[in-house]
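Since the structure comes first, as structure tokens, the remarks are kept for the end.
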Amino acid sequence: MTQRPPPAPDAASLSDEALMLAYAGGDPRAFATLYERHERAVYRFILRRIGTLSGTGVADEVHQETWFAVARQAPQYQPSARFAAWLYTIARSRIIDHVRRLQTQGGPWRSLDDEGSGDQPALAEALPADGASEPLQQLQTRQQARAFLAAVDALPPEQREAFLLQAEGELSLEEIAAATGVGAETAKSRLRYARAKLRQALAAWL
């Protein structure tokens, strides 16, 4: 009796790395699953990292370009690192490209509203906690969330970037260092200073 081949694994059960390899092999459903898993967090990372240009949706453009780049680079993808680290490195590269273009054009910047854009949730609603002393666990009101996001926006760019890579991308310290091109100690210091400043900014609420 001829045995039937085992059923193909459900895409939702596959790792990010396996999905990316499947997409590179010609399975468009794998890309759809990856996008569904990561698009909101990547969008929030971009949103808080660069904001928007007045009258334009720069965050939307960078987000779209990031996923276009993922699709273009799929044939060369090798799972030597976590997919998330690779994805956020691409997003960061697209951000840098836009900032450089903006600086060349001399365009004005403004921050996005603290509550996010469209149907995207505010950053504070999705941030993971980081231990018992982590103040993010204790954000309970919209006013507190706004204060927190204002504090994130006020961080120096390098510290804000490191914090967002950990909070949104859930990247490890080593992955943050690799994505930003600095040593692990530098990445660790940026995270430490960022969290200290956020705790200080939120002290009145806690």
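For the reader, a short list of remarks on this structure follows.
- Euclidean distance between Cα centres, segment 13-89 to segment 144-169, Å: 21
- Contour excess over end-to-end distance, with Cα ends at A18 and A71 and 0.36 nm allotted per residue: 17.6 nm
Coordinate-derived values only; no laboratory data. In this text, all values refer to a predicted model and were calculated from it rather than measured experimentally.
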